[in-house]
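J.: I'd like to ask some things about the structure below.
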Amino acid sequence: MNVAMVSKNLGTLLICEIVAMIPAVVVSFIYKETELWAFIYTISILLAVGLGLSLIKPQNKNIYAKEGFAIVAIGWLLISFFGALPFYFSGAIPSLVDSFFESSSGFTTTGASILTEVESVAKGILFWRSFTHWVGGMGVLVLAMAILPSAGAGSMQIMKAESPGPSTEKLVPKVKETAKILYGIYILITLVQIILLKLSGLPFYDALIHSFGTVGTGGFSSKNISVGAYNNIAAEIIITVFMLMCGTNFALYYQFLKGNIKGIFKNEEFRLYVAIVTGAIVLITFNLYGNIYGSVKESIRYAAFQVASIITTTGYATTDFNTWPSFSKLILLLLMFVGGCAGSTGGGIKSIRILLLFKTAKMNLMKMIHPKAVYSVRIGGRTVDERTIADVLGFFFIYIIILCAAVLIVALEGKDLVTTVTSVITTISNIGPGLEIVGPMGNFSSFTDLSKMVLSFCMIIGRLEIYPILLLLMPKFWVK
């Protein structure tokens, strides 16, 4: 393990967190809030630690897979901890454990919260809370690669460790240019949504907050009852469309900009994603019509928004789906596992893995029928190698094991089964709201510190897709 190179990159990452905190400082200054000092204290600490680490001069500047995983895993733990300090220093969240929970939820784009009353919190603090979604959506280290000098030969290792999905491909030969392209698309989508939400009637500050939460698929709102507080159909449609857009692989937008429109619709993962979204909306609409809502239009309105919110793991709400029929709630529960596409800002298992699992199951069934025949799993006309299939199966198995272990620990509190199980599912899949106590109109404030720490680590594990955090716990990982 090249500890010196890992430490230097962690220092650079903390300097980047200072840069990310500046917009929130400006907001606090504009509103003349005393909470401005909370940011100044945090920036001072970050500057001291970040500069100290970044001044290290490693003899070997190469970053291999092991260093890439270490930088990403430790880096996300550090940014979540230091990102919690403004909440703690300002007094908005007096508990350090609660502050860490809120910060982890922000950066991992989960959107789960312990705040019971949001609207009375200072504007600058709320801005930082939502801006962590935007920063964490595309990836903190991808941002660092886009704006800072190249991390060296191992830049791709960092991107692979941080970016969601079974595989990460460079859009162009240089990783730094790939990072710039991704963030260019990301910024463009964000700006367009801010403008549209402002035109729909939302105040500029609220348009910013909800654009950060949508594009980062996070879900923190400046309103206690989320997007439903506005009762603005135009804003709901805009947010629905942009949630679905940001649950799509961002590489497809690069293809679109290059004029390869047919290639987008030939993408099997994208087709599955669209099919699942469409099917879920239709089924829930039929279930809601007559049972909860009196018109088809109203049923479609709420069904489409919640399906988009859950499958993209954004977590916004326009209604309390806790009151929906069991059939509709079960569909939403299944969507929590699916998540968005690989290469998106969404969480969950990812549509590409679901597709591979189904194709692998089909291949095994065909082998039973014709034992001597040769079958292979193909995606987009290409044969998927056995190692990738093994990785997907391994990921799914470890995901379930961690899910069960976390549920057992949280169950020690004695809360009802639905709350206990969905609280873990919604955090490890980076969604936000679950069912019952942690439903769209509830929160996580009633959980013990132990459960909050477990759920915080579930968020980080889910965002980094398990392996980087687990590797830190293996002694062999630290051997030179």
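J.: What order do you get for 348-357, 185-194 when each peptide is scored by the mean count of other beta carbon atoms within 10 Å, highest first?
T.: Numbers: 348-357: 23.5, 185-194: 17.8.
Top to bottom by mean Cβ count within 10 Å: 348-357, 185-194.
J.: Now, a different point. What full-extension length gain, to one decimal in nm, is calculated for THR360 and TYR64 as 0.36 nm per residue of separation minus the Cα-Cα distance? Walk me through the intermediate numbers first.
T.: On the way: separation 296, 0.36 × 296 = 106.56 nm, distance 3.09 nm.
That works out to 103.5 nm of additional length.
J.: Then there's this: What's the exposure ranking of ARG301, ARG463, ARG129, ARG382, going from fewest to most Cβ atoms within 10 Å? Intermediate values should be presented prior to the final figure.
T.: Numbers: ARG301 20, ARG463 27, ARG129 31, ARG382 9.
So the residues, fewest neighbours to most, are ARG382, ARG301, ARG463, ARG129.
J.: How many nm is it between the label spots at ASP416 and PHE396, if each spot is 7 Å from the Cα in line with the beta carbon?
T.: Going from the ASP416 label point to the PHE396 one covers 3.1 nm.
J.: For the chain, give the magnitude of the charge dipole about the Cα centre (Cβ charges: +1 Lys/Arg, -1 Asp/Glu; no others), in debye to the nearest 20. Don't skip to the answer; put the middle values down first.
T.: Numbers: 35 positive and 25 negative charges, 376 e Å.
Once rounded to the nearest 20, the dipole reads 1800 debye.
J.: Show which lysines lie in cross-link reach of LYS8 when reach means a straight Cα distance below 25 angstrom and same-chain residues fewer than eight apart are skipped.
T.: Excluding near neighbours in sequence, the set is LYS57, LYS61, LYS66, LYS160, LYS170, LYS174, LYS176, LYS180, LYS476, LYS480.
J.: On to the next question. Place +1 on the Cβ of every Lys and Arg and -1 on the Cβ of every Asp and Glu in segment 294-402, take the dipole about the Cα centre, and give the residue among THR314, SER295, PHE395 whose Cα lies farthest towards its positive end.
T.: PHE395
J.: Residue-wise, which Karplus ³J(HN,Hα) couplings in Hz belong to segment 304-314, taking 6.51 cos²θ - 1.76 cosθ + 1.60, θ = phi - 60°, and x for glycine or proline?
T.: Once θ is set to phi - 60°, the couplings for segment 304-314 become 4, 5, 6, 4, 4, 5, 7, 5, 8, 6, 6 Hz.
J.: While we're here: Ranked highest first by average number of other Cβ atoms within 10 Å, how do 441-454, 282-295 line up? The partial results should precede the final answer.
T.: Values: 441-454: 18.1, 282-295: 16.6.
Going by the mean number of other Cβ atoms within 10 Å, highest first, we get 441-454, 282-295.
J.: Still on this structure, please answer the following. Would you work out which of TRP128, MET5, SER95 lies farthest towards the positive end of the dipole of the chain, given +1 charges on the beta-carbon of Lys and Arg and -1 on that of Asp and Glu, about the Cα centre?
T.: Positive-most Cα among the choices belongs to MET5.
J.: Using a Förster distance of 22 angstrom, determine the FRET efficiency expected from the C-beta separation of LYS57 and TRP478, and round it to 0.05.
T.: Details: r = 22 Å, r/R0 = 0.99.
Plugging the Cβ-Cβ distance into 1/(1 + (r/R0)^6) gives 0.50.
J.: While we're here: Using helices alone, what [θ] at 222 nm do you get for the chain, with -39,500 (n - 2.57) per DSSP H run of 4 or more residues, divided over all residues and rounded to the nearest 500?
T.: Numbers: 20 runs with 309 residues, N = 480.
Mean residue ellipticity at 222 nm (helix-derived): -21000 deg cm²/dmol.
J.: Just order 79-86, 1-8, 466-473 by mean Cβ neighbour count inside 10 Å, highest at the front, would you? Could the numbers behind the result be given before it?
T.: Details: 79-86: 24.2, 1-8: 18.2, 466-473: 16.5.
Going from most to least packed, we get 79-86, 1-8, 466-473.
J.: A further question on this structure: Below 8 Å between Cα atoms, with a sequence gap of 6+, how large is the relative contact order for segment 197-295 in percent? Please report the intermediate quantities before stating the final value.
T.: Working: 48 pairs, mean separation 18.1, N = 99.
Result for segment 197-295 is 18 percent.
Taken together, the values in this text are just the output of simple stated rules run on the coordinates, not laboratory data. Computed from a predicted model, the values in this text were never measured in an experiment. Cβ coordinates were reconstructed from backbone atoms using ideal geometry, including for glycine residues, and neighbour counts include every protein chain displayed.
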